[in-house]
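Below is one structure, written out as structure tokens; the observations come after it.
Derivation of every value follows stated rules applied to the coordinates shown; laboratory data play no part. These figures come from a predicted structure and were not determined experimentally. Positions of Cβ are backbone-derived with ideal geometry, glycine not excepted, and every protein chain shown enters the neighbour counts.
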Amino acid sequence: MTETLGRRGASRCPFGSTRALHAEWTKVRTVAGTFWLLAAAIALTVTVGAAAAATRCPAGLACPVDTARLTLTGVQLGQALIATLAVLVISSEYSTGMIRITLTAMPRRPAMLAAKAVVLVGLVLAAGAVAVAGSVLAGRVILPGHGFTAARGFPLESLADGPTLRAAAGSVLYLALIALLSLGIATVVRDSAVAIGVVLGLLYLSPIILSAVAGDPVWSHRLERYAPMNAGLTIQDTTGLHGLPISPWGGLGVLAAWAAAAMLAGVLVLRWRDA
Amino acid sequence: MTAGMTARRRAGERARQARFGLVLRAEWTKIRTVRGWVIGMIVAALVTVALGLLSSLATHSHCFARPGQACPGPGSIVGPGGEPVSDGYYFVRQPLAGNGSITAKVTSLAGLITYPPDHPNAIVSGVVPWAKAGVIIEPSTRQGSAYAAVMVTGSHGVRMQYNYTSDLAGLPGGVSAASPRWLRLTRSGDTLTGYQSADGTHWTEIGAVTLAGLPVTVQAGLFVASPSYVFTTPGFGGGFAGHLTQATAVFDHVSLQDKAARGTWAGGGVGVIPGGPALARGGLKESAGRFTVTRTGDIAPLAGVGRSIEATLQGTFAGLIVVIVLGVMFVTAEYRRGLIRTTLAASPRRGQVLAAKAIVIGSVSFVAGLVGAAAVVPLGEHILRAHGVYLHPVSTLTGLRVIAGTGALLAVTAILALAVGVMLRRSAGAVTAVIVATVLPLVLAISNVLPVGATDWLLRLTPAAAFAIQQDVPQYSQVIAAYTVTRGYYPLTPWAGFAVLCGYAALALILAAVLLRKRAA
């Protein structure tokens, strides 16, 4: 009787069942790679952010710099490790054959993917928050000593400042969306090397192509608005908002659409393909 | 007995070579017979071509000239070598018939700089490093014509320059009334020889140049030019600005020696932009044999402008990502399926297996990159020209280096990926590590987030330095310009940059070989 109740209760849970979540959590938690990847993502994000913040604004000169965006530069590197983790969450199951056991235990495949997504997003949000907070803190400590003082129009970086908070919180969300995008792509592609190649190609090629077509306003505008990395990172902009090709939240929305499309493709492929 | 030992050693050597040949063949068979590898390599070449064409198609020139008129952009003035040049200066001249020489004493070089970064709202006095004043001989005053000149410069001492790209150093130090510089240019047939002196009696030769086809009557005289003040804006991502400057030089003891009767000096600006700012016009004041000449401009090759065939190779990055994936998988796939145990059982010399794998994946990637680049360069060039984009002329040898270099870039990166794959044994980590090391530095360099100095160091120290192999525009030491990666300039020379990547690949291969020997498969 209790068991029936429990089962009925579980089926109402939007992510299939809490047991699916628990299973995925156990899998992710007990693999050594997860911890190292998250730790590396945090360390590299903060290091690159601190290195970028260590730039100088010489006395007497005007420095047209978005300091919030500068200190969050490390996200561009950290996302690669987050993407790796997200890819491994599903593709390592395919490479070891574990996926067959998982799907036998959890025949509702979309629920299995949803459970993976929830666990992954939870981890990435936590690690992302640490990484971004560390970057902002590094900026707060380093920037004033390098000429970026309040007297020259660069107030001490603080999360109490609206645009800075939006840039920081948005960067954490950005990382979570990158994780979902990668998870979706890896579900479709299955092989980890190919999946990570596709994800990093999708992310890093757009800025390169963008600089190549810089002379063409139509194509530049398209890429800045719709390429996942360029659009998504507009959430970090705190100055010159009127000149942006897409609004910060709009840009993050474009990345969310990419992530949703990838996850949808993952669900469809998972349903209709043999594991 | 010694002969027997030598023979035995030779036989052993032969057997070892034969064994390596077999290992090599085994690896070649693996890559040739699995459809995924073949498709992957074709994809690597195709994305290189496709993205290159796409970015070429999306590039147009910003020429607002009326139809049928030439674009006033770079390339509208070209020097004798075909390279785009700037050729604007003040010229105080007389015709020189036959052999002869022109001599002048420079006693002062001063100038103005408009709105420098430390005084953004003022015009201050100052001389830019490559402000030029001296004597010049050229066949005509047409812009882009051949010439030879001896000059004093803002802060590079006396120089002899000819035909825009050549630059020889003379006496160091600045010029003043207390320490003047005497300059002389002698014409004998087609040969022009430059001399310098600190006192007007002891002369030393700086250099000589033969300008083929020099007409009998040439233009000889004094010239002054002052290039834009180019500085890095203290912002980020290669912010460069160039501000108008002006130089004023004082000459005396000016003499022209030739057979013909002495004429009078005529002054005028070469390359004057109609309606330009008053500061750009320049002028001449003459009194009692003293010539005070003022002008902006430059006689030098243009740098940091326009595009070159490198612009068609934007797809290299995509091709690179594909070969990185393939390079890593070439070994990690064996670990995953357990094939590595069979491979190592069949050829227990593990170093040989690694070498064979590196040779096979390197060669195949080289061919993919070579084919992709050889296809996209002429096609992209055609598209860009059709779109009215000016492309720097590139010599055949440089073109070959760029195309073969693209193949080599893919090959060595694939080998690096293979070695990292052996070290980590896991595909995802290895692919991420190599992509982050080779592609991300460039992404950061071109996406305007880091200051210029930091960008340069990224492109010196990381494997991304190797993209320098694609640089095909020359960097001139006598021209200060925006030598940034978005304009096709890298901080290292092509081969030095490529050597950095080779160093990383070699190091990774050694580490991989050590680990492969030590670890149980």
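According to the Cα gyration tensor, what semi-axes, each the square root of 5 times an eigenvalue, does the equivalent ellipsoid of the range B:85-301 have, listed from largest to smallest in whole Å? Working shown, then result.
Numbers: eigenvalues 164, 64, 58 Å².
Rounded to whole Å, the semi-axes are 29, 18, 17.
So for chain A, averaging the separation of alpha carbon pairs under 8 Å that are six or more residues apart and normalising by length, what relative contact order in percent results?
After rounding, I find 22 percent.
Taking the mean number of other Cβ atoms within 10 Å as a proxy for protection, how do you rank B:85-91, B:128-134, A:110-116 from highest to lowest? Show your work: numbers first, answer last.
Details: B:85-91: 24.3, B:128-134: 26.1, A:110-116: 21.9.
Packing order, densest peptide first, comes out as B:128-134, B:85-91, A:110-116.
Under a plain spin-label model, where a point goes 7 Å from the Cα along Cα-to-Cβ, how far apart in nm are B:R519 and B:A496?
Label at B:R519, label at B:A496, 3.6 nm between them.
How high is the relative contact order of chain B? Use alpha-carbon pairs under 8 Å, at least six apart in sequence, and give a whole percent.
That works out to 19 percent.
Taking a temperature of 4 °C and a viscosity of 1.567 mPa s, what whole-number D in µm²/s does Stokes-Einstein yield for chain B with Rh from Kirkwood over alpha carbon pairs?
49
Over the range B:85-301, calculate the relative contact order: mean separation of alpha carbon pairs under 8 Å at least 6 apart, over the residue count, as a percent.
Once divided by the residue count of the range B:85-301, the mean separation gives 33 percent.
Just grab the label-to-label distance for B:I39 and B:S395, each label 7 Å out from Cα along the Cβ direction, in nm (one decimal).
Result for the modelled spin labels: 4.5 nm.
Normalized C-alpha radius of gyration of the range B:387-470, against 2.2 N^0.38 Å? Write out the running numbers ahead of the final one.
Values: Rg = 15.6 Å, N = 84, 2.2 N^0.38 = 11.8 Å.
Output field value: 1.32.
What FRET efficiency comes out for B:T6 versus B:R32 if R0 is 45 angstrom and r is the Cβ-Cβ distance? Round to the nearest 0.05. The partial results should precede the final answer.
Values: r = 38 Å, r/R0 = 0.84.
Once rounded, the FRET efficiency stands at 0.75.
Rounded to the nearest 20 Debye, what is the dipole magnitude of the range A:23-272 about its Cα centre when Lys and Arg each give +1 and Asp and Glu each give -1 at the C-beta? Could the numbers behind the result be given before it?
On the way: 15 positive and 9 negative charges, 107 e Å.
Around 520 debye, computed over the range A:23-272.
Would you mind listing how long the range A:163-220 runs along its three principal axes, going by Cα atoms, in whole Å with the largest first?
That gives 38, 32, 15 Å along the principal axes, largest extent first.
Rounding to the nearest 10 and keeping the result within 0 to 90°, find how far the Cα-based axis of helix A:248-272 lies from the longest principal axis of chain A.
So the inclination is approximately 20 degrees.
Could you list, in their original order, any pairs among B:K357/B:K518; B:K30/B:K518; A:K116/B:K357; B:K132/B:K285 whose Cα atoms are separated by more than 27 Å?
A:K116/B:K357, as the Cα separations exceed 27 Å there.
Please turn the phi angles of the range B:7-22 into ³J(HN,Hα) values with the Karplus equation 6.51 cos²θ - 1.76 cosθ + 1.60 (θ = phi - 60°), one per residue in order, whole Hz, x for glycine and proline.
With coefficients 6.51, -1.76 and 1.60, one gets 4, 5, 5, 5, 4, x, 4, 4, 4, 5, 4, 4, 4, 5, x, 5 Hz.
Just tell me how shielded B:436-445 is by partners: mean number of partner chain Cβ atoms within 10 Å of each residue's Cβ, no decimals.
For peptide B:436-445, the averaged partner shielding equals 5.
Computed FRET efficiency, Cβ-Cβ of B:S363 and B:L57, R0 30 Å: what is it to the nearest 0.05?
0.40
Taking every residue in B:316-328, how many Cβ atoms of other protein chains lie within 10 Å of its Cβ, on average?
4
Mind jotting down a quarter of the surface of the convex hull over the alpha carbons of chain A, in square nanometres, one decimal?
Dividing the Cα hull surface by four gives the mean projection, 16.9 nm².
What order do you get for A:118-130, B:353-365 when each peptide is scored by the mean count of other beta carbon atoms within 10 Å, highest first?
My ranking of the peptides, most packed first, is B:353-365, A:118-130.
For the range B:352-427 and the range B:96-150, compute the distance between their C-alpha centroids and round to whole Å.
44
Taking R0 as 60 Å, what FRET efficiency do you get between B:Q257 and A:V218 from their Cβ-Cβ distance, rounded to the nearest 0.05?
Values: r = 62 Å, r/R0 = 1.03.
For B:Q257 and A:V218, the calculated efficiency is 0.45.
Can you give me the Kirkwood hydrodynamic radius for the protein assembly as shown, using every pair of distinct Cα atoms, in Å to one decimal?
On the way: mean 1/r = 0.0332 Å⁻¹.
Final number for the Kirkwood radius of the protein assembly as shown is 30.1 Å.
I'd like the orientation of helix B:427-438 relative to chain B: the angle between its Cα long axis and the longest Cα principal axis, in ° from 0 to 90, rounded to 10.
The angle comes out at about 10 degrees.
Per 0.36 nm of contour for each residue apart, how much would the distance between B:S477 and B:Y115 grow if the chain were fully extended, relative to their Cα-Cα spacing?
This chain segment gains 127.9 nm when fully extended.
Kirkwood-based Rg over Rh for the range B:375-521 (C-alpha set), two decimals?
With Rh from the inverse mean 1/r over Cα pairs, Rg/Rh is 1.04.
In peptide B:418-431, what is the residue-averaged number of other protein chain Cβ atoms found within 10 Å of each Cβ? Numbers along the way, then the final one.
Working: counts 0, 0, 0, 1, 0, 0, 0, 0, 7, 13, 19, 10, 4, 11.
Whole-number average of other-chain Cβ neighbours for B:418-431 is 5.
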